[in-house]
Structures are given as C-alpha cells and as structure tokens.
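Read the structure below first, then the notes.
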Amino acid sequence: MSDTHRGSGDGWAAGPNGSKLWGRFGAAGLFLLSDDSTVLMQLRAPWTSQGGTWGLPGGARDGHETASQAAVRETFEECGIEESAVTVLREIVTAGPLPGDPERPELAGEWTYTTVLAKTADGSELPTFPNAESDDLRWVPVAELEQLDLLAPFADSLPVLRKALAELR
C-alpha cells in the first residue's frame, strides 16, 4: 500500500498563494443536523487556524479514511459524539482539489475539503463535550448561521450546502 493510502494525515499541504493547509490527505468536517434544523457548530480555539471563528467539527483525513470516516472521527474527538449517533447522508467537496506547488515539494498536493452532511440518528440535539480545540459547541438553526462570525471557507460553502440540504428533503 502506498503512503497516500495509509498513515496519519497530520501535516501540511500546499494551499493557494503560498499558503499551507492542514491535512496531508485533505480534511473533512461534519455538518450534523437535528430534526429541528439545527446544526452543530464549533467555536475554534484561539490557537487553531482561524481561531475565534465558527465552523464545523472536523480536521485532517488519515490516509486510510474516507471523508465521512474522518469527519465522524474528528467530531467524536472534538465534541464527544459517538459514531453510532450519526447517520451520514452525503459527501460534498467544498474546496479543492488544490494543486501541489513545485516550489514546495515537501507539501502534499491535491488537497480537498469535504463537508459531510449527516443527521443525528435519533433526531435530537445531542449533548457535547468539547476538547481543547473548541472554545464552545452550540446547536444553531441553519437559518441563523450567518449571524455567527463564520470561518471564511465555511461561509463561502453555505450556498452549496443549502442547495444540497434542499435536495435531500
């Protein structure tokens, strides 16, 4: 099995305009909905990339994981929500793939961010238990997301996500 199919995803990938993005194999986040049309949002800790903004729980994909597996694992790590409490509905690549950078061959290329649409298995707003990456966790009505100080790439992806939600209903 090649290195692109196994191992930790911890590490940097090439981003646009000389930037770096976390996740050698890309990253994924969980858009977790309750039956009341609320979504679990995470206030990113100040020490994280773009800390102090609201986004989805998620993070780097490991080489052996699908985007859904990574998003559900990260949500457990960051929020304490068990895999059995989540029903995955759909994966949507909301950023990338971004090409590698020949000037920085040490950085992975073809980075993507995948938003995983899911619902809570029982429809409820599940209790959460934040780890050090979260300053706050909150169930927010989908219609009110723009009232938060959103992580810019998440804000940019909202029109695509709202369209996908409408198609699922």
Selection from the range 131-161 of residues open to solvent by 80 Å² or more (accessible area, probe 1.4 Å) and farther than 13 Å from Trp54 by Cβ yields Ala143, Asp156, Pro159
Hey, among the residues in the range 11-25 that are touching a residue at least 12 places away in the same chain (Cβ under 8 Å) and part of a loop (DSSP other than H, G, I, E, B), which one's most open to solvent (accessible area, probe 1.4 Å)?
Phe25
Tell me which of these Thr114 doesn't satisfy, since it passes every other one: (1) surrounded by fewer than 16 Cβ atoms within 10 Å (Cβ to Cβ); (2) of a type in the set (Val, Ile, Thr); (3) under 20 Å from Gly15 (Cα atoms).
(1)
Listing of strands (runs of 3 or more DSSP E) fully contained in the range 26-90 that carry 1 or more residues being of a type in the set (Ser, Thr, Tyr):
38-44
Those residues of the range 128-169 which are within 25 Å of Phe76 (Cβ to Cβ) and part of a loop (DSSP other than H, G, I, E, B), in sequence order
Thr128, Phe129, Pro130, Asn131, Ala132, Glu133, Leu148, Leu151
Taking interchain pairs and intrachain pairs at least six residues apart, which have beta carbon atoms under 6 angstrom, with the first residue in the range 89-109 and farther than 11 Å from Ala14 by Cβ and the second open to solvent by 40 Å² or more (accessible area, probe 1.4 Å) and in a strand (DSSP E or B)?
Thr94/Tyr113; Ala95/Tyr113
Is it the case that some residue within the range 89-108 is open to solvent by less than 30 Å² (accessible area, probe 1.4 Å) and not β-branched (Val, Ile, Thr)?
yes
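The values are calculated or read from the model by the stated rules, or taken from the named source; none is laboratory data. Quantities reported herein were computed from a predicted structural model and do not represent experimental measurements. Positions of Cβ are backbone-derived with ideal geometry, glycine not excepted, and every protein chain shown enters the neighbour counts. The protein model used for the area step is the full one, side chains on, heavy atoms only, and it has no ligands, DNA or RNA in it. Shrake-Rupley method; radii C 1.70, N 1.55, O 1.52, S 1.80 Å.
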